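Written out below as structure tokens is the structure these notes cover.
The values are calculated or read from the model by the stated rules, or taken from the named source; none is laboratory data. Please read all numbers here as calculations on a predicted model, not as lab measurements. With ideal geometry, Cβ positions are generated from the backbone for all residues, glycine too; neighbour counts draw on all protein chains shown. Side chains are part of the model used for accessible areas, which takes the heavy atoms of the whole protein and leaves out ligands, DNA and RNA. Shrake-Rupley method; radii C 1.70, N 1.55, O 1.52, S 1.80 Å.
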Amino acid sequence: MTGGDDSIATGRTVPRPGPVTFPTDVRTDSATAEIAEWSAGYVRRHPGQSFITVGEQIKLGIEAFRHLFTDLVRGRFPLEAFIRESVFMANTALLPTFFVAIPIGVTLAIQFSLLAGQVGATSLAGAASGLAVIRQGAPLVTALMMAAAVGSAICADLGSRTIREEIDAMRVMGVSPVRRLVVPRLAAAMLVGTALTGIVTFVGFLAGYLFNVYVQDGAPGSFVATFASFATVGDMVLTLVKALVFGMIVAIVACQKGLATSGGPAAVANSVNSTVVGSIMLLMLVNVLFTQMYVMVFPRASF
């Protein structure tokens, strides 16, 4: 019989090949090697790269401050660029910061009034909410809005310049990108951050005062008197120092991320995202350090 199945012709059954199986130990070794390779890559990509990024940010900050002081002494500070960046940052962050400061002040007034009522110390509501706004609320609100609005704008601008090779062209022509682009943004961020902190302090305290007096039927004199009894000049100094440092951190992180951008438009978006996240995490850590140091240096005046 031709053209038929050989098993039918011969009357025998031809065994079919079964699935290929591997020993269990071979599959286990392969999975273990893959997990080990992924873990090593993760350590190399994330924690290892984080240390490299922090080192680059510290290096950029040192170089930027060196150029800043040198240009101020020699009279070469780019005043026009500084004013332009300051106006841009103020326009970008002023309204969002203002409208965030109001609910922050009201929320603190509500929480501390309830707490003071539970312990029978309603007269201390003004001191508690006012000190909370000055020492924590104002610098943190300003820092978050600076990181979200100003930091993202700085990173997007420098990142776009980097992928268009404008930064490389400046280096080829002998122009320092740090002196021309980073220094005015650094000085402007420090100035605007300090000014916004003062505005947030006033608006937050005023919002808490009005809410306590007109909504919670608190005594205006008691609110102001207790606040004046506990608040000190050192509290405002600490807040302004925090604002200065927070503005510096936002500017340095955003500039470093923007100048380190590589790739296309998607890389700029990734740099902006990492700028906001990294700035907020670093700001929270620095705020904890400042608060703890203040508690240790001024234990009686701390809150």
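Using alpha carbon centroids, what distance separates the stretch 183-244 and the stretch 247-262, in Å?
Cα centroid of the stretch 183-244 versus Cα centroid of the stretch 247-262: 28 Å apart.
Run through all the Cα pairs of the stretch 240-303 and give the fraction in each 10 Å bin from 0, expressed as whole percent.
21, 38, 23, 13, 5, 1
For R84 paired with N273, estimate the spin-label separation in nm (one decimal), with each label point 7 Å from Cα along the Cα-to-Cβ line.
In this crude label model, R84 to N273 measures out at 3.1 nm.
Before I look further, what does the stretch 50-297 give for accessible area per residue, probe 1.4 Å, in whole square angstrom?
Working: 11900 Å² over 248 residues.
Per residue, the stretch 50-297 has an accessible area of 48 Å².
Provide the net charge surrounding R135, with neighbours chosen by a C-beta distance below 12 Å and charges set as Lys +1, Arg +1, Asp -1, Glu -1.
Numbers: positive: K242; negative: D235.
Charge balance in the 12 Å sphere: 0.
About the Cα centre, and with charges only on the beta carbon of Lys, Arg (+1) and Asp, Glu (-1), how big is the dipole of the stretch 50-297? Nearest 20 debye, please.
Numbers: 14 positive and 11 negative charges, 99 e Å.
Using Cβ point charges on Lys, Arg, Asp and Glu, the stretch 50-297 gives about 480 debye.
Using a 1.4 Å probe on the protein chains only, how many percent of the accessible area of the stretch 50-297 belongs to carbon and sulfur? Let's see the in-between values first.
Working: 8540 of 11900 Å².
Taking all protein chains in place, the stretch 50-297 shows 72 percent carbon and sulfur surface.
If you consider only alpha-carbon coordinates, what radius of gyration and Dmax does the stretch 50-297 have, in Å?
Using the Cα atoms of the stretch 50-297, the pair Rg, Dmax is 20.5, 70 Å.
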